[in-house]
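Participant: Dropping a structure here in structure tokens format, bear with me for questions.
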Amino acid sequence: MSNSFASVSNRAHATPLKLTELDFSLSARGAQVRDQLAAFLDECVMPQEQALSAQMDALNWSEPFAPLMLELRAEARQRGLWNLFLADPVHGAGLSNVDYGHVCELIGRSPWAPMVFTAITLTRAIWSCCSITPRPNNEPSYLTRCSQVIFVAVSR
């Protein structure tokens, strides 16, 4: 039996893709979101990092987020900087993978920014609570209830 990868790569019509042919430039929408995100980070997130760290460290985890984090998340959502990873423009920012890569570079500049700009963190917090909460005999219905709570929390 021949190696299918070798037979495909040896075809005469197959030409290797050159890196110079890839376009990593931002679309107009990507540039707009990047500029809005950069402004929000500079104005709201970066100046609050120490206070945010102190509040998050002081949490007793009865709530998943500190008050300042909730304020920042609400403001990000109001400005349309929410769920940027979703390519669907109805539920997310409608960014391409290339555009989202540029946005992630900015988000990576702050340790708290990923939590500010996406609902996925809430899902992780709820799953963490579900995994440490005592439950009788690890009953399957408990995990079903947790997943329903996660769906409701993320869809809000």
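Participant: Just need a number here: residues in the range 30-71 that are small (G, A, S) and within 29 Å of S96 (Cα to Cα).
Facilitator: Number satisfying all stated conditions: 4.
Participant: For the range 69-99, what are the residues that are part of a helix (DSSP H, G or I) and surrounded by 19 or more Cβ atoms within 10 Å (Cβ to Cβ)?
Facilitator: Once the filter is applied, which keeps residues that are part of a helix (DSSP H, G or I) and surrounded by 19 or more Cβ atoms within 10 Å (Cβ to Cβ), the range 69-99 yields M69, L72, R73, A76, D99.
Participant: Report yes if E43 is part of a helix (DSSP H, G or I) and exposed (fewer than 12 other Cβ atoms within 10 Å of the Cβ), otherwise no.
Facilitator: It is true that E43 is part of a helix (DSSP H, G or I) and exposed (fewer than 12 other Cβ atoms within 10 Å of the Cβ).
Participant: With the requirement that a residue be of a type in the set (A, V, I, L, M) and within 15 Å of C104 (Cβ to Cβ), what does the range 20-30 give you?
Facilitator: Across the range 20-30, the qualifying residue is only L26.
Participant: Looking at the range 50-59, is at least one residue more than 24 Å from Q32 (Cβ to Cβ), assigned to a loop (DSSP other than H, G, I, E, B) and out of contact with any Leu (no Cβ under 7 Å at 6 or more places or on another chain)?
Facilitator: Yes, the range 50-59 contains at least one residue that is more than 24 Å from Q32 (Cβ to Cβ), assigned to a loop (DSSP other than H, G, I, E, B) and out of contact with any Leu (no Cβ under 7 Å at 6 or more places or on another chain).
Participant: Could I ask something else about it? Starting from the range 42-71, take each residue that is within 13 Å of S110 (Cβ to Cβ) and list its partners that are in a loop (DSSP other than H, G, I, E, B), counting only C-beta distances under 6 angstrom and pairs at least six apart or across chains.
Facilitator: What qualifies is V45/S110; L52/W112; M56/A66.
Here, each number is a calculation from the coordinates, and none is a lab measurement. Computed from a predicted model, the values in this text were never measured in an experiment. Using ideal geometry, Cβ is built from the backbone for each residue, glycine included, and neighbour counts are taken over all protein chains shown.
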